[in-house]
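Shown next, in structure tokens, is the structure this report addresses.
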Amino acid sequence: RAGAPRTTLAPLPPKIPTPFEFAVAVNVTEQTCVPEGPCTYKYTIDPKYIGLHPLPETPFKVFYEVVGGNAPQKGEFTVEKDQAQILQDVVLQGPPGAQLKANVMSVAG
């Protein structure tokens, strides 16, 4: 009988991480408040990968939302070979004493 075709089992490439594998801190770098009015915050995010498996070699994007200001502000950063390319000094309007937090929404390859 004819032999079955042979297949080689290649190792699976590392999967794209899930949103739960990132912790994104929000570091406020500047705050300007007008009396009786909103405050303007400048912030830089500090993403950390807290997952357990290796990151894929191919670049991927992490989408997040910063809450605590007047409205949620969407953002994203690209990770390439465990380096995150982030925006510095992003401007956000918010109430005085706002506690800004980032929630990771999704990850896309």
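The values are calculated or read from the model by the stated rules, or taken from the named source; none is laboratory data. Note that the coordinates shown come from a computational prediction; the quantities given were computed from them, not determined experimentally. All Cβ positions, glycine included, derive from the backbone under ideal geometry; neighbour counts span all protein chains shown. What goes into the accessible areas is simple: the full protein's heavy atoms, side chains included, and nothing from ligands, DNA or RNA. Shrake-Rupley method; radii C 1.70, N 1.55, O 1.52, S 1.80 Å.
Here is how the numbers come out for the structure above:
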{"read-out": "Mean separation of Cα contacts under 8 Å (6+ apart) over length of the chain, as relative contact order %", "value": "32 percent"}
{"read-out": "The chain: radius of gyration over Cα atoms, expressed as a fraction of 2.2 N^0.38 Å", "value": "1.53"}
{"read-out": "Farthest toward positive dipole pole in the chain [+1 Lys/Arg, -1 Asp/Glu at C-beta], among 71, 103, 16", "value": "16"}
{"read-out": "Per-residue ³J(HN,Hα) for the range 17-24, Karplus 6.51 cos²θ - 1.76 cosθ + 1.60, θ = phi - 60°, Hz, x for Gly and Pro", "value": "x, 8, x, 5, 8, 10, 10, 10"}
{"read-out": "Over the range 12-64, relative contact order from alpha-carbon pairs under 8 Å, at least 6 apart, %", "value": "43 percent"}
{"read-out": "Estimated distance in nm for a label pair at residue 105 and residue 80, the labels positioned 7 Å out from Cα along Cα-to-Cβ", "value": "2.4 nm"}
{"read-out": "Most fluctuating residue given options 96, 54, 35, as computed from a GNM of the chain linking Cα atoms under 10 Å", "value": "35"}
{"read-out": "Carbon plus sulfur fraction of accessible area for the chain, probe 1.4 Å, in percent", "value": "58 percent"}
{"read-out": "Neighbour net charge for residue 107 - beta-carbon separation under 9 angstrom, K R +1, D E -1", "value": "0"}
{"read-out": "Residues with amide H under 5 Å from that of residue 16, placed H, sequence gap 5 or more", "value": "none"}
{"read-out": "Size of electric dipole in the chain: Cβ of Lys, Arg +1 and of Asp, Glu -1, about Cα centre, debye, nearest 20", "value": "680 debye"}
{"read-out": "For the chain, the longest site-free run once GluC sites (Glu not before Pro) in DSSP loop states with at most 14 other Cβ atoms within 10 Å are removed", "value": "58-109"}
{"read-out": "Residue-count net charge about residue 68 - beta-carbon cut-off 15 Å; Lys, Arg +1, Asp, Glu -1", "value": "+2"}
{"read-out": "Sparsely packed trypsin sites (Lys or Arg not before Pro) within the range 9-109, loop by DSSP, other Cβ within 10 Å at most 11", "value": "81"}
